[in-house]
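Here is the structure we will look at, set down as structure tokens.
The values are calculated or read from the model by the stated rules, or taken from the named source; none is laboratory data. If you're wondering where the values come from, they're calculated on a predicted model, not measured in any experiment. Please note: Cβ atoms are built from the backbone with ideal geometry, for glycine as well, and neighbour counts cover all protein chains shown. SASA here: full protein model, heavy atoms, side chains in, ligands and nucleic acids out. Shrake-Rupley method; radii C 1.70, N 1.55, O 1.52, S 1.80 Å.
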Amino acid sequence: MARVLLKNVTKKFEDVIAVNKLNLEIKDGEFMVLLGPSGCGKSTTLRMIAGLETPTEGEIWIGEQIVNEIDPTKRNTAMVFQSYALYPHMTVFGNIEFPLRMSNVPKQERIKKVKEVAEFLGIAELLNRKPSELSGGQQQRVALARALVREPQVFLLDEPLSNLDAKIRTQMRFELKKLLSYDLGITTIYVTHDQVEAMTMADRIAVMNKGQLQQVGTPDEIFYRPSNTFVATFVGSPPMNLIEGDVLKDEKGVFFDSGHFILELPGDVDAEGKVILGFRPQHTEVSIEAREGFVKGKLLGIEKLGVESYGHLVYEDLELIIKLPENIRPSMGEIYWRPRHDRMYIFDGKARNLIYG
């Protein structure tokens, strides 16, 4: 096993900067998720680590070695793609055996390793089948087996679950995490745009946007202390509410004026002037009666998500989402609400970075 270290890694495609001065350390045995929207540079980063792309600038270390100039086949990494890229004319056995054959591993050792990894992944009974005879989940396990049979130091996965249906995808998240983190303890870098996948599987998450690293932290750190408004709205469902306004201070306390309503802020807020107030829909207090410090709102609609319900409120050009308690019914037009003081976030009005919370 090995750590992976990226030092000021930049990748340009002509005039487009796909990855911009990325500094990131993936610890030995860690399950790191690269999370971000399409085009943010996460897959390009993975391909540079694998050696499929060459960095324009910067250094990539695997273990104690710089690998920028090392051939992909000699980096001791294994990669699983979004499309499993199984050879259709080969059996499952042939697909798993292929990288060992290319490395000139003796035949008896190849047979032994293929059977061991197939047994480990629960696909031993599929070894004589062709990929066309397999379900999506089975194909995914074969692709994993083909990568694992090489016994790599670093495992790279590029959205490997996106082609599976929702039920199998949920099951495979836990199976993959158990396999790679607990059973094998292998250093894993996993690319996804799915925040639920990231929050479920990661030891730490690296959030990227437009080629730049936005924040690195545990799932709890990313969710409860986002570094800026992009992370705040990208992670969490429904996304965090963001309201532009002004911080006001007088002898009565500290307040936030949105232009539509005024909210009392915690007394230790030290911001001034133009800011962005953030709070998650789940972190609100709601009442059907007027209460001191609560804001009056009119429900335009209720979104029912199983056991949870979310109310949509509109104040002219501002739309908010708040979680509703069970006693709020769609027929109740007016409600009163306020964010919890211990879950308020204040972002700088220009840089949009977190300054309180």
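Scan the stretch 248-277 for residues that are in a strand (DSSP E or B), open to solvent by less than 50 Å² (accessible area, probe 1.4 Å) and either aromatic (Phe, Trp, Tyr) or modelled with pLDDT under 95 (or both) and the total you get is 5.
Considering only residues in the stretch 1-16 that are touching a Ser or Thr at 6+ places or on another chain (Cβ under 9 Å) and open to solvent by 80 Å² or more (accessible area, probe 1.4 Å), the one that is modelled with the lowest pLDDT turns out to be Met1.
For the stretch 210-222, what are the residues that are in contact with a strand residue (DSSP E or B) (Cβ under 9 Å, 6 or more places away or on another chain) and either of a type in the set (D, E, K, R) or open to solvent by 10 Å² or more (accessible area, probe 1.4 Å) (or both)?
Within the stretch 210-222, Lys210, Gln212, Leu213, Gln214, Gln215, Val216, Thr218, Pro219, Glu221 meet the criteria.
Taken across the stretch 189-206, residues that are within 24 Å of Val275 (Cα to Cα) and open to solvent by 10 Å² or more (accessible area, probe 1.4 Å) do not occur at all.
For (1) over 20 Å from Phe31 (Cα atoms); (2) touching a Cys at 6+ places or on another chain (Cβ under 6 Å); (3) of a type outside the set (S, T, N, Q), each residue gets a yes or a no:
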site: Ala118; (1), (2), (3): yes, no, yes
site: Glu125; (1), (2), (3): yes, no, yes
site: Pro131; (1), (2), (3): yes, no, yes
site: Gly137; (1), (2), (3): yes, no, yes
site: Val154; (1), (2), (3): no, no, yes
site: Asn163; (1), (2), (3): yes, no, no
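If I ask for residues that are farther than 22 Å from Gly236 by Cβ, open to solvent by less than 50 Å² (accessible area, probe 1.4 Å) and either touching a helix residue (DSSP H, G or I) at 6+ places or on another chain (Cβ under 6 Å) or not in a strand (DSSP E or B) (or both), which ones from the stretch 292-338 would you list? Scanning the stretch 292-338 gives Gly293, Phe294, Gly333. Residues in the stretch 133-174 that are assigned to a loop (DSSP other than H, G, I, E, B) and either surrounded by fewer than 17 Cβ atoms within 10 Å (Cβ to Cβ) or among the aromatic types (Phe, Trp, Tyr) (or both): Ser135, Glu151, Ser162, Asn163, Asp165.
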